[in-house]
Every structure is written in structure tokens, then in C-alpha cells.
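The values are calculated or read from the model by the stated rules, or taken from the named source; none is laboratory data. Just so we're clear, the structure is a prediction, and the values are computed from it rather than from any experiment. Glycine gets a Cβ as well: all are built from the backbone with ideal geometry, and neighbour counts include every protein chain shown. Note: areas computed on protein heavy atoms with side chains; ligands, DNA, RNA excluded. Shrake-Rupley method; radii C 1.70, N 1.55, O 1.52, S 1.80 Å.
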Amino acid sequence: MSSFIYLDYNATTPTDPRVADAMTPYLTGFFGNPSSGHRAGREAKTAVEKARVQVAGCLGCAADEMIFTSGGSESDNLALRGVVTARGGGHVVISAVEHPAVLEVALAMEMEGLIRLTVVGVDAECRVDPADIEAALADDTVLISIMLANNEVGTLQPVAEIAELCRDRGVLVHTDAAQAVGKIPVDVDDLGVDLLTVAGHKLYAPKGIGALYLRRGVEIEPLIRGAGHERRLRAGTENILEMVGLGAACALVRDDLPHEISRLAALRDRLRERLAAGVDGLIEHARGAERLPNTLSVSLPGAHAGELLEAIGDEVAASAGVACHGFTIQVSHVLAAMGVTTEVALGTVRFSVGRFTTEDEVDRGAEIILAALRSA
């Protein structure tokens with residue numbers, strides 16, 4: 001039994017031992033360049049393409065629709081800038097609660113004069129209203145980018161409804177599914193999206209690997225130019241080791257997910273119940289929304305989340321809803337978009353359970369948190 005309790009799986013996941021086992025032969029051998037025609041190159045190429053098939057299988061798409069990247073941020077950048085550049089600019093719509101890898105890219109393109117940008121809001125449960133997306137559409141709209149699952153409060157967005165609105169208008173739809181893949185079923189055809197982001201370190205693969213789903217027939221321009229890797233959309237000699245890891249992680253998702261969803265939800269609810277029993281007036285963000293089964297965002301009245309996490313940081317891992325810089329308090333842009341007050345945000349902590357979380361860890365974690373609150 002580990003003395004450290006990790007309740008921050010939305011920040012990053014440990015590499016699953018089964019993923020590490022799949023990777024090991026490519027760390028100690030099979031070092032060939034997949035672009036080489038000799039045996040070592042062919043062996044490496046076979047490993048890359050097997051991984052591509054595994055990732056595609058997790059998302060319900062064809063292998064040739066998967067582009068390997070260095071992670072979720074690169075995939076988001078490639079999706080947004082790639083579409084905008086290919087289409088010669090235009091109007092882009094995003095939500096106010098996107099991950100910075102989408103939000104900051106869109107704002108930068110707006111400042112550069114490449115696009116006209118519309119940012120739509122969310123309700124108190126962090127949900128985008130498809131009617132707001134429809135109202136924002138214009139003749140020059142080229143791309144909608146709406147995350148599938150919010151990383152802070154877990155809300156699932158109505159991406160399929162939004163994609164349906166855009167399909168007949170010729171507007172492309174991208175979704176950042178970094179927090180969703182591995183936690184809920186994700187199928188590109190069910191969603192109806194044209195581009196979808198995957199981040200390896202959110203689903204028990206290593207950091208530094210990701211993928212972008214690109215529907216057949218959708219044209220984008222590359223960010224990284226060079227040789228003809230990844231259909232000439234992402235130059236650079238393939239990172240075989242981590243591609244194998246992402247492929248193995250995606251294969252495990254297909255096998256483990258049906259049981260894992262209910263288990264994670266039970267752990268999340270158990271943690272909420274333990275905390276609510278010891279905290280009067282506990283506020284659970286997005287409780288009424290359809291959300292990730294593993295994510296619990298709560299405000300603990302009277303608590304300062306940063307101070308609490310510092311006090312328990314050697315025993316329990318979690319994340320705060322505010323960032324403090326000297327005398328300045330910066331509320332998370334997600335909580336701010338939801339209309340959460342600064343006082344409530346100040347006491348907000350995000351807990352996220354995962355594949356290796358146990359009931360005992362949840363119970364011990366709650367005890368440590370409650371003890372810290374009592375002694376504050």
C-alpha cells in the first residue's frame with residue numbers, strides 16, 4: 001500500500017505497466033528508422049503501423065486517418081492552424097472553457113489577423129448550448145473547436161449535436177478529446193467530427209506522444225515541415241517507442257473501459273460522500289451535468305484550496321481552482337465562465353481518480369483532507 005495517494009489523474013496518468021512492457025523491446029532494440037528499406041527499418045515500420053491501427057481502433061476510424069504527434073497540445077495546434085491555413089483564414093468558433101492549447105492558439109491567430117474569432121459561453125454546469133453555436137455560424141465560418149470533456153469539472157459537451165449543425169454548412173468540427181479518451185467511449189463517427197485530439201499521458205501512455213484524427217478528405221497544412229512523415233503532415237523521424245506505447249494504451253482502453261466507467265464513478269461518488277460528511281455546505285461543480293465518471297470538482301467553504309493542497313501535498317495529490325501570484329488571485333477561466341464567484345473558486349479543489357485508485361485510497365485521502373481542514 002502506497003503512502004502517497006494520487007487523486008490527480010486528469011493532470012496526468014502513470015504509464016500502465018502493460019504499456020511499459022509493450023514498449024521495452026523498442027527501448028533496448030528495434031531501433032531502425034521506419035523510412036529505411038532494410039530489415040531494421042521494416043521492423044520499425046511494422047511497429048508504427050500496428051500502433052496506428054490500435055489507436056484507430058480505439059476511436060472507430062481507419063488507420064490512415066491517424067496522425068501521430070508529440071501530444072495533445074501539438075494536435076490542437078495542428079488542427080486549428082492546419083485548417084485555418086488550408087482554408088485561407090476565416091471565422092472560427094470556440095468555447096470559453098477550452099484547454100489553453102485551443103484557447104491560446106485561437107487568440108493568437110486572431111491577434112495575427114488570420115481569423116475572426118467568436119468565443120461562446122457556457123451555463124452554470126459548464127455546458128455549451130448548441131443553439132449558441134448555431135447563432136454564431138456565419139458565411140465565412142471555417143472551423144468549430146469544442147472540447148469533448150472539460151478537464152476541470154468533467155462536463156461532457158454536446159459535440160455530436162454541434163457537428164450535426166455544421167455538417168450541411170461545410171464547417172469543419174474539431175474536438176479536443178484529451179480528457180475523454182480512456183474515460184468514456186469515443187467514436188468519431190458517433191460524434192461526427194472531422195478532427196479529434198488524443199493525448200497519450202491522459203490514458204496511461206507516456207508523456208510526449210499524442211495523435212490527431214483527420215477525417216479522409218479534410219485538408220490541413222502542416223506545422224512542422226521536412227520529409228514526408230505522417231502523410232507529409234508532421235515531419236520528423238518517428239518516435240517508435242512512444243508510438244508503440246500509445247498503441248498499447250489504446251488497445252487496453254478497448255478491453256478495460258466497460259468495467260472501468262462504473263468503477264470510477266463509484267470511487268468519485270464515494271470520495272464526494274466522505275468529504276460532504278465532514279464539510280458543511282460543500283459545493284459540487286457541474287453535479288447536474290453529464291460528465292466524466294472520474295472527476296470531482298468541489299468547493300470547500302472557508303478553505304483556501306492552494307493552502308490546503310500545500311498542507312497535504314506530501315500525502316495527497318489534487319489540483320486547485322485558482323492560481324495565486326503574490327497578491328493576485330487568478331480564478332480558473334473555466335470556473336469564471338461558469339459564473340463561479342471568487343470566494344467559491346478560492347475553495348475549489350479538483351480530484352480525479354483513475355485506473356489504479358482504490359477504495360482504501362479514497363477513504364484515507366478524505367481523512368487526510370478533512371483533518372487538514374480542521375487544523376487550518
Any pair with Cβ under 6 angstrom, 6 or more apart, that starts in segment 351-372 at a residue that is closer than 18 Å to ALA303 by Cβ and ends at one that is part of a strand (DSSP E or B) and not basic (Lys, Arg)
PHE351/LEU296; GLY365/ILE5; GLY365/VAL316; ILE368/VAL316
Of the residues in segment 268-295, those that are outside any helix (DSSP H, G or I) and more than 21 Å from LEU203 (Cβ to Cβ) come to VAL279, ASP280, GLY281, LEU282, ILE283, GLU284, HIS285, ALA286, ARG287, GLY288, ALA289
Inside segment 268-291, can you point out the residues that are in contact with an Asp or Glu (Cβ under 6 Å, 6 or more places away or on another chain) and either at pLDDT below 95 or open to solvent by 50 Å² or more (accessible area, probe 1.4 Å) (or both)?
GLY288
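Yes/no matrix, rows are residues, columns are (1) more than 22 Å from the chain's Cα centre (by Cα); (2) at positive phi; (3) at pLDDT 95 or above:
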| position | (1), (2), (3) |
| --- | --- |
| GLY208 | no, yes, yes |
| LEU214 | no, no, yes |
| LEU223 | no, no, no |
| GLU238 | yes, no, no |
| MET243 | no, no, yes |
Which ones in segment 238-262 are buried (at least 22 other Cβ atoms within 10 Å of the Cβ) and of a type in the set (D, E, K, R)?
GLU242
With the structure loaded, tell me whether VAL171 is within 26 Å of GLN54 (Cα to Cα), buried (at least 16 other Cβ atoms within 10 Å of the Cβ) and of a type in the set (Val, Ile, Thr) or whether it fails that test.
no
Complete set of residues in segment 85-104 that are over 16 Å from the mean Cα position of the chain (by Cα) and crowded, with 23+ Cβ neighbours inside 10 Å
VAL92, VAL93
Residues that are assigned to a loop (DSSP other than H, G, I, E, B), aliphatic (A, V, I, L, M) and either touching a Lys or Arg at 6+ places or on another chain (Cβ under 6 Å) or open to solvent by 10 Å² or more (accessible area, probe 1.4 Å) (or both), drawn from segment 136-147:
LEU137, ALA138
Which count do you get for residues in segment 62-77 that are within 18 Å of ALA106 (Cα to Cα), open to solvent by 20 Å² or more (accessible area, probe 1.4 Å) and among the charged types (D, E, K, R)?
1
Considering only segment 49-61, state which residues are surrounded by fewer than 19 Cβ atoms within 10 Å (Cβ to Cβ) and either touching a His at 6+ places or on another chain (Cβ under 8 Å) or assigned to a helix (DSSP H, G or I) (or both).
GLU49, LYS50, VAL53, GLY57
So which residues in segment 74-100 are in a helix (DSSP H, G or I) and under 21 Å from LEU191 (Cα atoms), if there are any at all?
SER75, ASP76, ASN77, LEU78, ALA79, LEU80, GLY82, VAL83
When the residues of segment 214-231 are filtered to those that are acidic (Asp, Glu) and surrounded by fewer than 16 Cβ atoms within 10 Å (Cβ to Cβ), which remaining residue is farthest from LEU148 (Cα to Cα)?
GLU221
Only one residue in ALA178, ALA211, ALA235, ALA265 is free of Cβ contacts under 8 Å to residues at least 40 places away in the same chain, open to solvent by less than 30 Å² (accessible area, probe 1.4 Å), not β-branched (Val, Ile, Thr) and not in a helix (DSSP H, G or I). Which one?
ALA235
